[in-house]
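The structure appears right after this line, and notes come after that.
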Amino acid sequence: MTDQTSPKPATPAGQADRSADAAPVPRKLFIKTYGCQMNVYDSERMAEVLGAEGYTRTDTVEDADMVLLNTCHIREKASEKLYSDLGRLKPAKLAKPDLKIGVAGCVAQAEGGEILRRMPLVDLVVGPQSYHRLPAMMRAEGQVVDTDFPAEDKFDHLPERRALRGPTAFLTVQEGCDKFCAFCVVPYTRGAEVSRPPERLLAEARDLVSRGVREITLLGQNVNAYHGGGWGLARLLRELAGIEGLERLRYTTSHPNDMEDDLIAAHGDLPQLMPYLHLPVQSGSDRILKAMNRKHTAADYLRLVERIRAVRPDILLSSDFIVGFPGETDADFEATMDLIAAIGYGAAFSFKYSARPGTPAAEKTPVAPDIADERLQRLQSLVTQQQRAAQEAMVGREVSVLYEKPGRLPGQMVGKSDHLHAVHVTDPAGKVGDLVRVRVTASSTNSLAAERLD
Ligand code: 5AD
Ligand code: SF4
């Protein structure tokens with residue numbers, strides 16, 4: 001729904017005002033990104049849209065002519081952070097009344113004009129499907145809200161990709177979710193599942209590769225439900241793997257029920273597809289999975305993992321877990337701990353359940369916070385042990401690393417291994433973008449150390 005607080009934008013939404021074709025005035029943009037990788041991607045694209053308007057990025061609010069907060073609504077804490085950060089922007093706005101303050105992302109989508117009522121210093125509120133209209137919104141007088149799910153595709157209106165963050169890039173292939181897990185706001189904030197056409201994605205990927213990208217992570221709220229132009233994700237991955245110079249592919253986030261046979265097979269026979277898979281299960285209790293509307297059991301998930309490991313035995317798995325979902329008993333929680341013990345994760349993200357307005361679970365009585373806290377701690381310490389064990393198992397092994405940046409020590413490069421471990425390599429001749437073979441020599445809390453082999 002478009003809720004335009006008066007007055008209307010100077011140009012119709014969606015049409016960039018090209019009357020000012022003269023060189024844009026140089027201005028500075030500060031963006032803060034909260035939440036998931038989709039938001040990281042969206043922030044980059046918003047910077048590109050505003051780049052065409054003369055904005056370059058800055059890391060300091062004081063330098064900025066525009067501050068954009070790209071928000072997350074998934075848990076209450078993430079959502080409330082917006083309001084505390086907006087409060088902190090008051091002095092900057094007072095010092096520089098021309099400073100534009102924009103709220104983007106999922107809180108913008110969910111709360112729309114309410115944000116302006118709570119925080120009058122905000123100039124514009126833009127949802128995740130309408131940020132291609134930012135230039136027109138910026139020219140509007142007064143406060144503007146656009147949280148439309150427009151009929152036009154934002155991707156058709158975004159400028160050519162220009163800003164790159166080095167040899168790795170995200171590529172959004174799918175947005176939205178039709179699963180309606182009982183705790184989750186995504187189907188409401190990001191809307192129904194929409195897949196981008198494969199030919200567009202291949203063109204965008206070729207362009208990224210021609211500008212030095214060697215690893216692409218395909219993004220989607222439900223990425224393995226991709227079904228653009230009649231292709232599934234497996235077909236898309238196979239076609240992408242044919243692009244010369246594209247050495248690595250990853251995708252995230254997946255739903256267990258969409259792991260089709262051909263996608264599992266791709267993990268076995270597509271060398272570019274990296275051996276790391278984020279496959280959230282949320283809980284190990286069938287009763288809770290049912291209440292969450294996950295439509296799979298713990299046994300289904302274990303069988304699925306067995307099938308994936310059968311084709312790619314060294315794959316590392318990660319998951320999301322929610323503890324303290326309404327009705328979760330000690331026995332339910334123990335079932336989650338048993339499932340974690342049975343799988344052996346390489347990493348995992350775990351959260352205390354947070355009731356989100358408008359979701360079915362929000363109607364139910366929550367678990368007492370101290371019980372949920374204790375469960376979260378126990379779960380996290382088990383996952384940490386597994387994460388350390390997975391890292392330590394790499395010591396002595398040969399892996400490949402794609403250098404993303406120089407390390408803190410002289411002659412050191414930092415990159416990710418195939419298994420997504422951060423690796424520090426002593427390599428004075430190394431350059432960002434090199435894909436090298438290394439031998440892992442040590443494991444520390446959050447990274448590996450390695451020596452270069454070739
Ligand atoms: N409370 C806690 N965690 C949540 N997640 C999604 N919604 C909620 C919620 N209401 C978690 C899920 C999801 C991850 C992105 O965030 O584990 O996979
Ligand atoms: Fe949310 Fe993921 Fe469930 Fe979709 S599949 S409703 S995004 S948790």
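The values are calculated or read from the model by the stated rules, or taken from the named source; none is laboratory data. This one's a predicted model, so the numbers in the text were calculated from it and none came from an experiment. Note that each Cβ is placed from the backbone with ideal geometry, even for glycine, and that neighbours are counted across all protein chains shown. Quick note on the areas: whole protein, heavy atoms, side chains included, nothing else; ligands and nucleic acids left out. Shrake-Rupley method; radii C 1.70, N 1.55, O 1.52, S 1.80 Å.
Beta carbons within 10 angstrom, averaged per residue: use that to sort the peptides 110-121, 267-278, highest first.
Highest mean packing first, the order is 267-278, 110-121.
Suppose every K and R has +1 on its Cβ and every D and E has -1 on its Cβ; what is the size of the dipole of the chain about the Cα centre, in Debye to the nearest 20?
In debye, rounded to 20, the chain gives about 700.
Kindly identify the stretch 52-99 as rounded, prolate or oblate by the Cα gyration tensor criterion: order the square roots of the eigenvalues as a ≥ b ≥ c, call it rounded if a/c is under 1.5, otherwise compare a/b with b/c, prolate if a/b is larger, else oblate.
Taking the square roots of the gyration eigenvalues as a ≥ b ≥ c, the stretch 52-99 is oblate.
Starting with the highest mean, order 128-134, 238-244 by the number of other Cβ atoms within 10 Å, averaged over the residues of each peptide.
Working: 128-134: 24.7, 238-244: 15.3.
Peptide ranking by packing, descending: 128-134, 238-244.
Determine the percent antiparallel among the DSSP beta bridges restricted to the chain, to the nearest 5. Walk me through the intermediate numbers first.
Values: 22 of 67 bridges.
Expressed as a percentage, antiparallel bridges in the chain total about 35.
Between Glu141 and Arg57, what is the FRET efficiency for a Förster distance of 25 Å, r being their Cβ-Cβ separation, to the nearest 0.05?
Numbers: r = 26 Å, r/R0 = 1.03.
Between Glu141 and Arg57 the formula returns 0.45.
Nearest 5 percent is fine: what portion of the DSSP beta bridges confined to the stretch 398-452 is antiparallel?
85 percent
Can you give the Kirkwood hydrodynamic radius for the stretch 155-392, in Å, rounded to one decimal and based on Cα pairs?
About 19.0 Å for the stretch 155-392.
Place +1 on the Cβ of every Lys and Arg and -1 on the Cβ of every Asp and Glu in the chain, take the dipole about the Cα centre, and give the residue among Thr60, Leu116, Gly433 whose Cα lies farthest towards its positive end.
Highest projection toward the positive end goes to Thr60.
Under the Karplus relation 6.51 cos²θ - 1.76 cosθ + 1.60, θ = phi - 60°, what is the ordered set of whole-Hz ³J(HN,Hα) values for the stretch 270-283, x standing for Gly and Pro?
Result, ordered by residue: 10, x, 6, 7, 6, x, 8, 9, 8, 10, x, 10, 6, 8 Hz.
With every protein chain present, what is the per residue accessible area of the chain (1.4 Å probe, Å²)?
Details: 19640 Å² over 454 residues.
The answer is 43 Å² per residue.
From Cα coordinates alone, what are the radius of gyration and Dmax values for the stretch 40-125 in angstrom?
My reading of the Cα-based Rg and Dmax gives 12.7, 35 Å.
Within the stretch 260-337, which GluC sites (Glu not before Pro) sit in a loop by DSSP and count at most 15 neighbouring Cβ atoms inside 10 Å?
Of the GluC sites (Glu not before Pro), the ones in loops of the stretch 260-337 whose Cβ has at most 15 other Cβ atoms within 10 Å are Glu260.
Express the carbon and sulfur contribution to the solvent-accessible surface of the chain as a percent, rounded to the nearest whole number, probe 1.4 angstrom. Display every interim value, and only then the final one.
Numbers: 10390 of 19640 Å².
After summing per-atom areas, the C and S share lands at 53 percent.
Which aspartates and glutamates have a Cα lying under 15 Å from the Cα of Lys405, excluding residues fewer than 8 positions away in the same chain?
Lys405 reaches Glu215, Asp427, Asp434.
Below 24 Å, Cα to Cα, which lysines can Lys154 reach? Residues fewer than 8 away in the same chain don't count.
Straight-distance partners of Lys154: Lys8, Lys28, Lys32, Lys100, Lys179.
Check the chain for me: any Cys whose beta-carbon has no other cysteine beta-carbon within less than 4.7 Å?
Cys with no partner Cβ under 4.7 Å: Cys36, Cys72, Cys106, Cys177.
Per residue Cα convex hull volume for the stretch 182-254, in cubic angstrom? If you can, show how the numbers build up before the last one.
Values: hull volume 7.0 nm³, N = 73.
Value for the stretch 182-254: 95 Å³ per residue.
Over what distance in Å are the Cα centres of the stretch 26-96 and the stretch 304-332 separated?
Using only Cα atoms, the two centres lie 34 Å from each other.
At 222 nm, what helix-only mean residue ellipticity would the chain give, in deg cm²/dmol to the nearest 500, using -39500 (n - 2.57) for each DSSP H run of four or more?
-9500 deg cm²/dmol
Given Gly127, Ser443, Leu382, which one lies farthest toward the positive end of the charge dipole of the chain, if we put +1 on the Cβ of every Lys and Arg and -1 on the Cβ of every Asp and Glu?
Ranked along the dipole, the leading option is Ser443.
Would you please put 205-214, 403-412 in order of how densely packed they are, using the mean number of other Cβ atoms within 10 angstrom per residue and starting with the highest?
205-214, 403-412
Straight distance only, please: which aspartates and glutamates reach the Cα of Lys290 with their own Cα at less than 13 Å, same-chain residues fewer than 8 apart left out?
Asp300, Glu328, Asp332
Expressed in nm², what is the orientationally averaged projection area of the convex hull enclosing the Cα positions of the chain?
22.4 nm²
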